[in-house]
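*Asks:* Before I ask anything, let me first share the structure, which is written out below as structure tokens.
Values quoted throughout were computed directly from the atomic coordinates according to the rules given, and no laboratory measurement underlies them. Keep in mind that this is a model prediction, so the values were computed, not measured. Methodologically, a virtual Cβ is constructed for each residue, glycine included, from the backbone with ideal geometry; neighbour enumeration extends over all protein chains shown.
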Amino acid sequence: MILQCDNLYFAHDTHPALEDVSARLHPGQFSVILGPNGAGKSTLLGCLAGLLKPRSGWVNLGSDPILALSDAARAKMLGLLPQGAQTHWAITARALVALGRYAHRKGFGLTAEDQKAIETALIATGTGSFADRLVTELSGGERARVLMARVLAGEPQWVLADEPLANLDPGYQIDMLHLLRDQASSGKGVVAVLHDLHHAVRFADHVVLLHKGKVFAQGSVADVLTSSNLAAVYGIDAKLFSDEEGAIQLLIKGKTAP
């Protein structure tokens, strides 16, 4: 089920954040939204998730307008990990993950289906070993994985993550990226806002590059992250190359001349 937007225009007060933004995102792909600070990345993800209503344009999930879906229907199909997600309750990690089943609940208590989804999410995120600890006692990396487990427990068709690597140590960043990569490989659609170009080069199937609220380029890593595009959007002298194992890597030499 394709997630797509067409001719989106969104403004915060009178300041345009998105202008004429169109994109087609496919299940089974890890799509990454890139761009400098203020480019409109989080705003675009909010529109795709149905949290923000554009002033013009539309977002569809399959043939359904995203804003026409009920909150429950949208929650079953789209799982969102918001930017800077926090946990302030002294509940166990397992209880927090169980909240991801809210849209599926038909009564009080957890069904066998709920329990299975929760356990599957704990296993996928590697959080089962501390599932019975209080989330307030976990490290930042452990909490980030628990919050992702809550998203996965809802068994969404699409996983949307806004800067999921923020405040994570490098090792936890790689773990999170592999987790998102695995979700895409399983057939889910995955869309993430990232800042690190190296991570995008290594993990993305599809890139949407934003600049000043507009789509500057979109497509494969090789087609989008060209030297000319990186110079125009980020002001850096950089290029893609293949390492000795044949993997595409990014070399950033420095800033472009003023």
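*Asks:* Report, in degrees rounded to the nearest 10, the 0 to 90 angle that the Cα long axis of helix 112-125 makes with the longest principal axis of the chain.
*Replies:* The helix 112-125 is inclined about 40 degrees to the chain.
*Asks:* Taking springs between alpha-carbon atoms closer than 10 angstrom, which of 88, 198, 206 fluctuates most in the Gaussian network model of the chain?
*Replies:* Fluctuation is largest for 88.
*Asks:* Can I ask one more? Check cross-link reach from residue 212 to the lysines: straight Cα distance under 29 Å, and skip same-chain residues fewer than eight apart.
*Replies:* Output for residue 212: 41, 53, 239, 253, 255.
*Asks:* Find how many whole Å separate the alpha carbon centroid of segment 136-169 from the alpha carbon centroid of segment 5-64.
*Replies:* First find each Cα centre; the distance between them is then 22 Å.
*Asks:* Here is a follow-up. Straight-line reach from residue 76: which aspartates and glutamates have Cα under 19 Å away, leaving out those fewer than 8 places along the same chain?
*Replies:* 64, 113, 114, 119, 155, 162
*Asks:* At 10 °C and 1.306 mPa s, what whole-number value in µm²/s does Stokes-Einstein give for the translational diffusion of segment 114-224, with Rh from the Kirkwood sum over Cα pairs?
*Replies:* Details: Rh = 15.0 Å.
Taking Rh from Cα pairs, D becomes 106 µm²/s.
*Asks:* Tell me the mean residue ellipticity at 222 nm calculated for the chain from its helices only (DSSP H runs of n ≥ 4, each -39500 (n - 2.57), averaged over every residue, nearest 500).
*Replies:* Numbers: 9 runs with 84 residues, N = 258.
Calculated at 222 nm, the ellipticity per residue is -9500 deg cm²/dmol.
*Asks:* Using a Debye calculation, one point per C-alpha and no hydration shell, please list log10 I(q)/I(0) for segment 119-169 at q = 0.15, 0.30 Å⁻¹ in order.
*Replies:* Debye intensities relative to I(0), on a log10 scale: -0.39, -1.25.
*Asks:* Mind pulling up the Rg/Rh value for segment 3-225? Radius of gyration and Kirkwood radius, both on Cα.
*Replies:* Values: Rg = 17.2 Å, Rh = 17.8 Å.
Computed over Cα atoms, the ratio is 0.97.
*Asks:* Based on the mean of other Cβ atoms within 10 Å per residue, sort peptides 18-30, 232-244 so the most packed one is first.
*Replies:* On the way: 18-30: 17.9, 232-244: 13.6.
Highest mean packing first, the order is 18-30, 232-244.
*Asks:* What angle, in degrees between 0 and 90 and rounded to the nearest 10, separates the Cα long axis of helix 170-185 from the longest principal axis of the Cα atoms of the chain?
*Replies:* Helix 170-185 sits at roughly 80 degrees to that axis.
*Asks:* Springs between alpha-carbon atoms under 10 Å, Gaussian network over the chain: tell me which of 48, 168, 177 tops the mean-square fluctuations.
*Replies:* Top of the fluctuation ranking is 168.
*Asks:* To continue, here is another question. Stokes-Einstein D for segment 160-258 at 25 °C, 0.890 mPa s, Kirkwood Rh over Cα pairs, in µm²/s? Working shown, then result.
*Replies:* Values: Rh = 14.5 Å.
Translational diffusion coefficient: 169 µm²/s.
*Asks:* In segment 69-168, what chymotrypsin sites (Phe, Trp or Tyr not before Pro) fall in a loop by DSSP, with at most 13 other Cβ atoms inside 10 Å? Numbers along the way, then the final one.
*Replies:* Numbers: sites: 89, 102, 108, 130, 158; in loops: 89, 108.
Taking segment 69-168 and a limit of 13 other Cβ atoms within 10 Å, the loop chymotrypsin sites (Phe, Trp or Tyr not before Pro) found are 89, 108.
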